[in-house]
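Accompanying notes for the structure given below.
The values are calculated or read from the model by the stated rules, or taken from the named source; none is laboratory data. Predicted model, so just to flag it, every value in this text is computed and none were measured. Cβ placement follows ideal geometry from the backbone for every residue including glycine, while neighbour counts extend to all protein chains displayed.
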Amino acid sequence: MNPLPISQMRVYIGTYTGAKSQGIYAARFDSQTGVLTTPELVAEAVNPTFLAVHPNRRFLYAVQEGTGKSSPAVTAYAIDVATGRLTWLNTQSSGGAGPCHLIVDRLGQNVLVANYGGGSLAVLPIGSDGRLGPATACVQHSGASVNPQRQKAPHAHGITLDAANHFAVCADLGLDQLRCYRFDSAQGTLTPNDPPAAAVQPGAGPRHFVFHPTGHSGYVINELVSTITVFAYDATRGTLAEIQTVTTVPADFAGKNYPAEIVVHPNGKFLYGSNRGHDSLAVFSIDQPTGRLTWLEQSATLGKASRNFAIDPTGQFLLVANQDSGTLVVFRLDPQTGHLTATGQTAAVGAPVCVLFVPN
C-alpha cells in the first residue's frame, strides 16, 4: 500500500474473521472522486470487529470479541503513515465478555470499551508509545428489562463522550437505559452521574448513541423496535431528556429488522440510521433549534445486514459495510439536501463490521 496523494485517505475495516476474512483491512479512498480501492489485509487478528483511531492518527485500537481460544480484549496497533499497515503493540483485557464497541477519549489518554456479553464498561490508559495499560476503571451494570430473549441481563452496546470530554453515555441494550457517567481523563475513571441514567421505551434495546455537533441534543438507535429516540442534552449537568421518537422503517414494513448504526452529518443538518433486515439507511433532517427529526428518505444499502457505516471527513460521501453480503458500498452525499446516490463503487471484504476513515 503506497503513500497517499493529498485528496486520498485510508479506510480501515474491522471484520468477523473466517473463510473470507483474516483480520483488519485497509483501502484507499479518494475524497474528490469517491473511488475506493480493493481492501488489503493490514493486520491478522481474531474478530477485530470495532475500531477507533487515536487523535494523533498514529495508533489504532480494535476490540477482539474473543473465542474459545482467545480472551475478550482490546489490541493496540501502530499505524505506518507511509503504507497504512498496522504493527501490533500490545493487548489488554477488555474487562468483560464480548467487547463490541470502543472509543478513544478526545485527549488521546484512554480507550473506553463497552462489553456487550458482560454488561460492563472499562477504561484503558494509553501510554505515550500507544500501548494500553491495565484498566483504571471497570463498571459493572446490573438488572434486566422486558424482552425475555435479549434483555435478561445488561448488555453495554456503545460508549460515547460529549464534546467537553466530561461525560460518557453508554447505551445498554439489556436495560433499556442510557447510563451517564462523569469521566476524568487524567485519572481514567467513570463515576455515575446524578441522575445515573435516562430510560427509553421498555423493550426498545438502545444500541448506539451520538451527540449533535452543537452538543445540545443526542440520538440513540433502538435495535429491538426500529426507532430513534431524540434527547435534549444539558452539557453542564450531563443529563438527557427525551423529546421525540421516530421509526427507522416504513409503516408498512412487516419483516424482521435490527437497526445498527447512527451518524450525524458533520454539518449537523442530517442524521442517518442503518437497518439490518430492511437493508436501508433512514435519512432525517435535523431541526437546529430543537434537535427534532423529520424523515427525508429511505435509501437501499445495496447489500445485506448493514452493520456499520461512516461519512467521510469532507461530508460528501457515505460508506456502508454490509456484513452478510461482504461488501462495502460508496454513496455520494449531498451536504445541502442530505440525499444519497449510489456511485457504483463497491469492494469485497469478508463480514465487514466497522468502517473507519483516517485522513492524512
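When D172, D184 are checked against the criterion of being buried (at least 20 other Cβ atoms within 10 Å of the Cβ), in contact with a Leu (Cβ under 9 Å, 6 or more places away or on another chain) and of a type in the set (D, E), a single residue qualifies: D172. So, L124, is that one touching a Pro at 6+ places or on another chain (Cβ under 9 Å), farther than 16 Å from R237 by Cα and in a loop (DSSP other than H, G, I, E, B) or not? Criteria not met by L124. Report the residue count in the stretch 76-122 for those that are surrounded by 23 or more Cβ atoms within 10 Å (Cβ to Cβ) and β-branched (V, I, T). Total satisfying the criteria: 3. Every test in (1) in contact (Cβ under 8 Å) with a residue 60 or more places away in the chain; (2) in a loop (DSSP other than H, G, I, E, B); (3) buried (at least 24 other Cβ atoms within 10 Å of the Cβ) is passed by A164 save one, and that test is (3).
Do you know which residues across the stretch 127-144 are assigned to a loop (DSSP other than H, G, I, E, B) and touching a residue at least 60 places away in the same chain (Cβ under 8 Å)? Within the stretch 127-144, G130 is the sole residue that qualifies. One residue stands out in the stretch 123-154 among those that are closer than 25 Å to L224 by Cα and among the charged types (D, E, K, R): the one that is surrounded by the most Cβ atoms within 10 Å (Cβ to Cβ), namely R150. Taken across the stretch 313-320, residues that are at pLDDT 95 or above and either more than 19 Å from Q8 (Cα to Cα) or among the acidic types (D, E) (or both) do not occur at all.
Within the stretch 35-47, how many residues are part of a loop (DSSP other than H, G, I, E, B) and in contact with an Asp or Glu (Cβ under 9 Å, 6 or more places away or on another chain)?
3
Taken across the stretch 220-230, residues that are outside any strand (DSSP E or B) and either over 19 Å from N275 (Cα atoms) or free of Cβ contacts under 8 Å to residues at least 12 places away in the same chain (or both) do not occur at all. Among the numbered conditions (1) within 21 Å of the chain's Cα centre (by Cα); (2) assigned to a strand (DSSP E or B), the only one that P154 does not meet is (2). Scanning the stretch 317-347 for residues that are closer than 12 Å to R307 by Cα, loosely packed, with under 15 Cβ neighbours inside 10 Å and either more than 20 Å from the chain's Cα centre (by Cα) or among the β-branched types (V, I, T) (or both) yields a total of 0.
Against the conditions (1) in a strand (DSSP E or B); (2) under 26 Å from N47 (Cβ atoms); (3) in contact with an Asp or Glu (Cβ under 6 Å, 6 or more places away or on another chain); (4) free of Cβ contacts under 8 Å to residues at least 60 places away in the same chain, V320 satisfies every one except (3).
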